[in-house]
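Following: one structure in C-alpha cells, then a few remarks.
Bear in mind these aren't lab numbers, they're just calculated from the coordinates by the rules spelled out. Computed from a prediction, not measured in an experiment: that's the story for all the values here. Quick reminder, even Gly has a Cβ in these numbers, built from the backbone with ideal geometry, and neighbours come from all protein chains shown.
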Amino acid sequence: MTNEHNSGQSVEQPASAAAAANAAVSANLRAVFWDMDGTLIDSEPLWHAGELEIAREHGGYWDLELARAGSGTPVPDVARRMQERGCPLSIEEIGEAMINYVTEKELESLPWMPGVTEVLAALRDAGVPSILVTTSPRHMAENLIAQAPANSFAGYVCGDDSVEKKPSPEPYLRAMELVGIDGLAHPVAAAHCVAIEDSESGLTAATASGATTLCQAGFLPDGKPVPSPEFGCLYGYDSSTLATIGDFVDRRLADLKSV
C-alpha cells in the first residue's frame, strides 16, 4: 500500500516567486519523480562507510569498489553479496546494521546535493508535484521529506511498499498513480512525468515505466552515465534546471507524436 505524506504546514508563497517558477517550467510537465540516494542527497558514501564498518567488525571481505558496485541496489541484495564474501551475519542482520548506520547519520543532517532544495521549492511554487521513489525504508523516506522545503513532496513510494523493487518499473508506475496517471494504459500521459535517477537499476526502472527519464550525472564518480538513447542527462542543479527538465519533456512528447 502506497503512503502519501505532506511535510509541515502549508506555506503561502510570494506572488513573485510563484510567477517566476511558473514562467520557468513547461506546461507539459505533470510531475517529477525523484530517486533519493545520489540524486537528492549524497548518501551513497554513508552506505559505503556502513558496509565497510560491518565487514571490519564482523569479518568477510568488502572494499570500496564492491560497495560502489552496489549503488542503487536494494539493501537485501547488497547484504547477500556481503554474506557471499564471508560476512557471518544473516542477510537480515547485515541489512539492519546498514540501515541503522545510515539512519543515525541522516537524522543528524541530510547531505543534500548542491542546489536541489531550490529546485524542489521552485517546482512546488509552480504547482508541479514531486514524488519520492526510493528503495530505502519508510522511516528514511519520511525523514528526507521532513527535512525538505515545506510541502515539496506530494507523496512517496518506498522500499516497504508492496511493489516490486527497481529495476522493475512498478515503483514508478505507482508514483504515476499518485498523480492520477495510469502509465500502462496511457503512455503519452506517462511521458509528461520526469524521473530523475543516477543508477543503472533506477534508470532501467524509470525508462521502462514510460516516464521521461533523466540521469543526474553531475555527481557520478566519473561524471559519465552509461550511454543510452533512452534517457537524457542533467549535470548538477542550478537556476536553469526547471527549464531544462521542461525541454526534455517537450522533446519527448514531440518524438512520440512523430512516431
Review point. Whose amide H sits under 5 Å from the amide H of V157, counting only residues 5 or more places off or on another chain, with H placed in the peptide plane?
Key: L132, V133, T134
Review point. Angle between the Cα long axis of helix 15-24 and the longest principal axis of the chain, 0 to 90 degrees, nearest 10?
Key: 80
Check your understanding: On a 0 to 90 degree scale, rounded to 10, what angle separates helix 75-84 from the longest Cα axis of the chain?
Key -> 30
Check your understanding: Where is the GNM fluctuation largest for the chain (alpha-carbon springs, 10 angstrom cutoff): E118, E170, E84?
Key -> E84
Check your understanding: Each residue of region 235-241 in turn: what ³J(HN,Hα) in whole Hz from Karplus with 6.51, -1.76, 1.60 and θ = phi - 60°, glycine and Pro shown as x?
Key -> 10, x, 10, 8, 5, 9, 4
Review point. Looking only at chymotrypsin sites (Phe, Trp or Tyr not before Pro) in DSSP loops with at most 16 other Cβ atoms within 10 Å, what is the longest site-free stretch of the chain?
Key: 62-234
Check your understanding: Around M113, which amide H atoms from residues at least 5 apart in sequence, or from another chain, sit under 5 Å from its own amide H, with H modelled in the peptide plane?
Key -> I41, D42
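Over the chain, what relative contact order in percent results from Cα pairs under 8 Å that are six or more residues apart?
Working: 458 pairs, mean separation 67.6, N = 259.
Worked out over the chain, it gives 26 percent.
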